Amino acid sequence: MTTTAAPRAGEQLSFDEMGRPLREITFCVVDLETTGGSPAEGDRITEIGAVLVRGGEVLGEFQTLVNPDTAIPAFIAVLTGITNRMVADAPPITSALPAFLEFAHGSVLVAHNARFDVGFLRHFSQEQGLVWPGFEVLDTVKLARHVVSRDETPNHKLSSLARVFRAGTTPNHRALEDARATVDVLHGCMERLGSLGVHTLEELQGYSSKVVAAQRRKRHLADHLPHAPGVYLFRDEREHVLYVGTSRDLRKRVRSYFTASETRSRMGEMVALAASVQGIECATPLEAEVRELRLIAEHKPGYNRRSRFPEKVTFLKLTREPWPRLSIVKKVLDDDADYLGPFSSRGSAESCLVALHEVFPIRQCSDRLGREPSRSACVLAEMARCLAPCDGSVDMTTYAAVVRQLQDAVLRRPDDVVELINEKMAGLAEQERFEEAGVHRDRLASFVRAAARTQRLTSLTACPEVVATRRDEQGRWAVHVVRRGRLAAAGVIPPGTDAPSYVALLRASAETVIPAAGPVPAASAEESERILRWLELPGVRLVDVEGEWTCPLAGAGRHLERFNLTVSPTKVGP
């Protein structure tokens with residue numbers, strides 16, 4: 001019999017004694033394909049793929065298509081390549097899931113964006129009455145964020161990381177192939193962390209919470225801050241702004257940067273440079289969010305990745321001239337033209353432009369045409385993709401009617417664009433021409449997002465003033481004055497104060513906002529969208545509205561869910 005002596009006091013434990021060595025852990029790397037993004041919304045699993053690995057060796061693989069017992073949306077079929085015909089004879093989830101759980105028994109689950117995959121697996125385990133085994137879970141997205149810098153790749157998508165680590169399998173939105181690529185990403189992350197002394201599962205799980213002593217010693221920088229909502233600015237020794245953030249509790253949030261609860265490696269770098277923290281107390285959380293956006297745009301701090309360059313956006317413009325055309329522009333002018341956007345990149349604007357040109361055969365040339373042009377038609381006219389006003393093939397009345405249809409699609413009812421491109425996409429998917437269909441999918445996504453954003457923003461920015469109130473968590477009434485989509489004033493009605501008098505005083509002292517042209521004339525798109533999200537919260541009461549705050553009933557917003565899209569704030573800059 002062999003015995004091991006207990007370590008003496010002060011003696012450093014070996015890696016084996018400190019935890020479970022990674023080389024002895026069996027990992028089950030899993031990936032799912034689904035009909036959508038949320039099982040709670042009725043989305044189903046269409047494919048399960050998994051790879052069992054230990055010590056760098058593959059022990060086994062698992063793959064099965066799953067009959068979702070529902071139609072696979074064309075949009076998803078284009079993305080994954082999995083069609084209704086492919087899953088018609090596949091086993092149901094009631095058979096596939098128990099088989100997978102048996103395959104993964106006793107392992108540590110690994111997934112790229114584990115919350116998504118594990119969320120689906122847990123949901124259907126519960127639906128079937130199965131006991132969830134209580135797997136330990138690792139997320140390769142979170143690991144990669146600590147070992148792969150922005151200099152190596154602009155994002156931490158699986159496809160990007162597969163290139164960084166030179167994975168043997170290229171991700172293609174099929175479950176087993178994506179799981180194989182995730183194995184290579186996992187091993188790449190573990191190899192890098194191994195050079196930093198991470199050799200056990202416990203160290204791997206806790207690596208992101210390591211905080212150096214120098215970071216803890218700066219906790220006093222938060223001592224002067226109030227327990228109130230507001231904005232905080234980290235500054236270096238030369239008073240340059242390093243980072244701007246917002247919180248409902250300034251002191252608590254800033255103190256977290258000096259403790260284990262702050263896990264972002266870049267924030268550790270920022271804290272090492274910080275010499276002071278400035279706090280700006282705000283009346284409401286919404287005011288804090290808006291001030292944060294404005295301060296980031298003003299100072300452009302190096303450690304803020306988003307919202308630094310609100311001026312770097314792009315619009316589609318429908319020109320005002322005898323023969324109107326669509327043009328990509330950087331600025332909105334007071335020229336009575338119609339604008340669509342903003343787009344966060346020129347590429348997304350170009351995708352939307354192509355989508356509109358597929359449906360509406362207006363001219364694509366950039367020349368100025370007189371009322372009676374007499375030029376030769378271009379090749380687009382020969383392909384029946386342009387009405388060709390340049391050679392007199394169309395009269396102004398007919399051309400104007402097509403322009404009005406385009407305006408209606410952009411500003412009110414996008415159905416013509418959505419239905420035509422969706423038909424093309426579905427037809428190509430049925431022919432298994434997925435790459436071509438994917439191009440149409442991306443164009444449609446750009447158009448639907450842009451049209452929905454334009455309609456939402458325009459509805460708010462057209463109003464000279466909107467005054468609204470909502471009871472906060474402490475039972476107080478928060479009041480916001482919004483003018484042309486810009487937050488002009490914010491306050492909280494003090495207890496015992498006459499509410500109408502307080503609101504009248506707040507309106508009188510609010511910022512003056514001068515009307516301007518375009519969907520977002522008085523603020524950045526992100527500010528107006530933050531305000532819209534607050535106005536749409538349950539419990540908000542409108543005190544007064546100047547103008548008409550309306551959105552088209554048949555607008556683009558109703559298509560977002562259909563194509564699994566969301567309208568998120570426009571984010572620009574590195």
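The values are calculated or read from the model by the stated rules, or taken from the named source; none is laboratory data. It should be emphasised that the depicted structure is a prediction, and the values quoted were computed from it without experimental measurement. We place every Cβ from the backbone using ideal geometry, glycine too, and count neighbours over all the protein chains shown. All accessible areas refer to the heavy atoms of the entire protein, side chains included, with ligands and DNA or RNA removed. Shrake-Rupley method; radii C 1.70, N 1.55, O 1.52, S 1.80 Å.
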Antiparallel as a % of all DSSP beta bridges within the chain, to the nearest 5? 90 percent
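Once neighbouring chains are kept in place and the probe is 1.4 Å, which whole percent of the accessible area of the chain is contributed by carbon and sulfur?
Numbers: 13870 of 28570 Å².
Solvent-exposed carbon and sulfur of the chain make up 49 percent of the total.
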With every protein chain kept in place and a 1.4 Å probe, the chain has an accessible area per residue in Å² of 50 Å²
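Can you order the peptides 529-538, 134-143 by their average number of other Cβ atoms within 10 Å per residue, highest first?
Values: 529-538: 15.2, 134-143: 17.9.
Result, highest mean first: 134-143, 529-538.
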Counting only pairs 8 or more places apart or on different chains, how many lysine pairs in the chain have C-alpha atoms closer than 17 Å? 13
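At 1.567 mPa s and 4 °C, plugging the Kirkwood radius over alpha-carbon pairs of region 72-198 into Stokes-Einstein gives what diffusion coefficient in µm²/s?
Values: Rh = 16.3 Å.
D, rounded to a whole number, is 79 µm²/s.
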Picking from Thr458, Ala508, Phe434, whose Cα lies most toward the positive end of the charge dipole for region 404-524 (charges on Cβ: Lys, Arg +1; Asp, Glu -1)? Ala508
Rounded if a/c under 1.5, otherwise prolate or oblate - region 305-367, Cα gyration tensor axes: oblate
Rounded accessible area of Met190 (nearest 10 Å², 1.4 Å probe): 30 Å²
With labels modelled as points extended 7 Å from the Cα through the Cβ direction, what inter-label distance (nm, one decimal) is found for Leu333 paired with Ala384? 3.6 nm
Using helices alone, what [θ] at 222 nm do you get for the chain, with -39,500 (n - 2.57) per DSSP H run of 4 or more residues, divided over all residues and rounded to the nearest 500? -11500 deg cm²/dmol
For volume of the Cα convex hull per residue in Å³, several values are listed as [x] 166; [y] 156; [z] 213; flag the one computed from this structure. [z]
Among Ala384, Leu356, Met396, the residue whose Cα sits farthest towards the positive end of the charge dipole of region 332-456 (+1 at Cβ of Lys and Arg, -1 at Cβ of Asp and Glu, taken about the Cα centre) is Leu356
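Any chance you could run the full-extension gain for Glu152 through Ala377? It's 0.36 nm times the residue separation minus the Cα-Cα distance, nm to one decimal. The partial results should precede the final answer.
Values: separation 225, 0.36 × 225 = 81.00 nm, distance 4.74 nm.
Taking Glu152 through Ala377 to full extension adds about 76.3 nm, to one decimal.
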Determine ³J(HN,Hα), in whole Hz, for all residues of region 133-140 in sequence, where each value follows from phi through the Karplus function 6.51 cos²θ - 1.76 cosθ + 1.60 and θ = phi - 60°; x replaces Gly and Pro. x, x, 4, 6, 10, 10, 10, 5
